[in-house]
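Below you will find the structure I want to go over with you.
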Amino acid sequence: MTAREIRIFGDPVLKTVSDEIGVIDDRVRALVDDLLDSVRLPGRAGVAASQIGVNLRAFSYNVDGELGYLLNPRLVEVSGEPVLMDEGCLSVPNLWFKTLRYPFARAVGLNLDGEEVEVSGTGVMAQALQHETDHLDGMLYLDRLEKETRRQAMREVRESDWF
């Protein structure tokens with residue numbers, strides 16, 4: 001398949017709650033191939049289906065050499081004291097802001113065989129699982145920012161050359 005173009009802030013698909021995947025068919029297999037190709041590019045920890053314009057609950061991840069995907073993912077556990085972490089997003093290019101995230105996360109979803117799989121981790125993996133699940137719920141990391149930080153972020157978005 002191919003790496004797909006990333007949708008940018010302002011595209012309505014990024015604010016839409018993604019639909020559950022009902023049947024794992026050739027269309028879903030092609031989506032997973034595209035998600036994996038899209039996340040393999042340098043500097044990418046995760047890509048949600050909505051970021052490539054597909055309104056289905058799926059994302060790929062590429063963290064510390066671990067490459068994979070989840071279909072119909074659910075964040076089933078977060079733990080530890082939330083900490084402010086530098087966070088960016090492919091859909092909000094070149095802007096990084098401190099975002100409150102849990103240091104551990106565990107997600108459960110399906111693989112292409114319809115089997116339940118689990119992905120968990122700390123650090124960047126925990127952050128990626130929370131970030132990508134947010135995308136599938138129509139939420140950007142900008143929505144999680146504290147009020148003053150969000151105000152600054154929106155100012156920088158408006159002033160960016162891509163907006």
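Which pairs have Cβ atoms under 9 Å, sit 6 or more apart or on different chains, and link a residue in the range 109-122 that is touching a residue at least 60 places away in the same chain (Cβ under 8 Å) to one that is loosely packed, with under 13 Cβ neighbours inside 10 Å and of a type in the set (K, R)?
L112/R29
Same structure again: Going through G121, G80, G88 one at a time, which residue ends up being farther than 24 Å from V17 by Cα and surrounded by 15 or more Cβ atoms within 10 Å (Cβ to Cβ)?
On the way: G80 fails: surrounded by 15 or more Cβ atoms within 10 Å (Cβ to Cβ); G88 fails: farther than 24 Å from V17 by Cα.
None of the other options fit; the residue is G121.
Same structure, new question: Can you pull out every residue in the range 64-77 that is of a type in the set (A, V, I, L, M, F, W, C) and open to solvent by 10 Å² or more (accessible area, probe 1.4 Å)?
L67, L75, V76
Let me ask something else. Going residue by residue through the range 27-35, is there one that turns out to be of a type outside the set (S, T, Y) and part of a loop (DSSP other than H, G, I, E, B)? Working first, answer last.
Going residue by residue through the range 27-35, those that are of a type outside the set (S, T, Y) are 27-35.
Still in the running and part of a loop (DSSP other than H, G, I, E, B): none.
Looking through the range 27-35, none of the residues is of a type outside the set (S, T, Y) and part of a loop (DSSP other than H, G, I, E, B).
I've got another one for you. Of all residues in the range 97-114 being within 30 Å of R150 (Cβ to Cβ) and in a loop (DSSP other than H, G, I, E, B), which is most open to solvent (accessible area, probe 1.4 Å)?
Within the range 97-114, the match that is most open to solvent (accessible area, probe 1.4 Å) is Y102.
Under 7 Å between Cβ atoms, which residue pairs at least 6 apart in sequence (or on different chains) link something in the range 33-56 that is open to solvent by 30 Å² or more (accessible area, probe 1.4 Å) with a partner that is at pLDDT below 95 and outside any helix (DSSP H, G or I)?
D33/M1; D37/M1; D37/T2; D37/A3; L41/A3
In addition: If the Cβ limit is 6 Å and pairs must be 6+ apart or interchain, which residue in the range 11-27 that is within 14 Å of M139 (Cβ to Cβ) pairs with which residue that is surrounded by 14 or more Cβ atoms within 10 Å (Cβ to Cβ) and among the charged types (D, E, K, R)?
From residues that are within 14 Å of M139 (Cβ to Cβ), the pairs are V13/R7; L14/R7; V17/D137; S18/R57.
Can you list residue pairs whose Cβ atoms sit under 8 Å apart, with the first residue in the range 144-163 being in a helix (DSSP H, G or I) and surrounded by 13 or more Cβ atoms within 10 Å (Cβ to Cβ) and the second being of a type outside the set (G, A, S) and modelled with pLDDT under 95? Count only pairs 6 or more apart in sequence or on different chains.
V157/F163
The values are calculated or read from the model by the stated rules, or taken from the named source; none is laboratory data. No experiment lies behind these values; they were computed from the predicted model shown. All Cβ positions, glycine included, derive from the backbone under ideal geometry; neighbour counts span all protein chains shown. What goes into the accessible areas is simple: the full protein's heavy atoms, side chains included, and nothing from ligands, DNA or RNA. Shrake-Rupley method; radii C 1.70, N 1.55, O 1.52, S 1.80 Å.
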